[in-house]
Amino acid sequence: MQIARHLSWIVMRAQVFALNLLGLHQQTVDRLRQMQAQRPDDFFVLTTLAHFLGQADQTRAEAITLLERALVQGPESAALHFNLAYLLEQQRRMDEAEVSFRTAIAMDEKLDRAWYGLGLVLIQKGQADDALQALKRNTELQPMSPFGWYQLARLHVDRAEPDLAVAIIRHLQGFEPKVAEQLKRETGLKT
């Protein structure tokens, strides 16, 4: 009996992967819900279902609850703290998002996405100096990603530091010319 249940569980996990691979989002969620009914605290189910539910505004709050439950089992996971922070930021729960981003960073100082997310949260909280530091760290870790550079340039414009923003635009022209042009259009700065 125990072996049959275990094999059934393995089959359901394989079905989740197959359904997802086929792009059958709702069927994947349905299968995960069936699995959740059998094992409500299963780490795979909690995190995978949270991933799918986190993609839609109307189910994001449930995704947050699932990740919080998963963190009870895996509190040392920087990735889980990052995922929770991201969803909290999407729900405009900035104080909680900041704590979760900082927790993720404390666990993995090189988690560039967490530095970026922290920068965005701090911008929204009006903490420009701290946001500047977080975004600088993001660009150090991901120098070829335009996202941190873009936000950093926007922040310099907001802080009335156009020379620093122009320097970033020039930097972006070397590897992301479309982003550089977008910044020039949005800010009115010339290079």
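Within this structure, A165 fails the test of being closer than 17 Å to L118 by Cα and not aromatic (F, W, Y).
Out of A106, A160, one residue alone is in a loop (DSSP other than H, G, I, E, B) and surrounded by fewer than 17 Cβ atoms within 10 Å (Cβ to Cβ). It is A160. Among the candidates S100, S145, the residue that is modelled with pLDDT of 95 or more and surrounded by fewer than 22 Cβ atoms within 10 Å (Cβ to Cβ) is uniquely S145. Can you name the residue in segment 168-187 that is of a type in the set (D, E, K, R) and part of a helix (DSSP H, G or I) and, of all such residues, is nearest to R113 (Cα to Cα)? Applying the filter and picking the extreme gives K178.
When restricted to residues that are crowded, with 18+ Cβ neighbours inside 10 Å and in a helix (DSSP H, G or I), segment 30-50 contains 9. The condition of being among the aliphatic types (A, V, I, L, M), surrounded by fewer than 19 Cβ atoms within 10 Å (Cβ to Cβ) and more than 23 Å from L111 (Cβ to Cβ) holds for only one of A180, A167, that being A167.
The values are calculated or read from the model by the stated rules, or taken from the named source; none is laboratory data. A quick note: this is a predicted structure, and the numbers were derived from the prediction, not measured. A quick note on method: Cβ atoms are made from the backbone with ideal geometry, for glycine too, and the neighbour counts reach across all protein chains shown.
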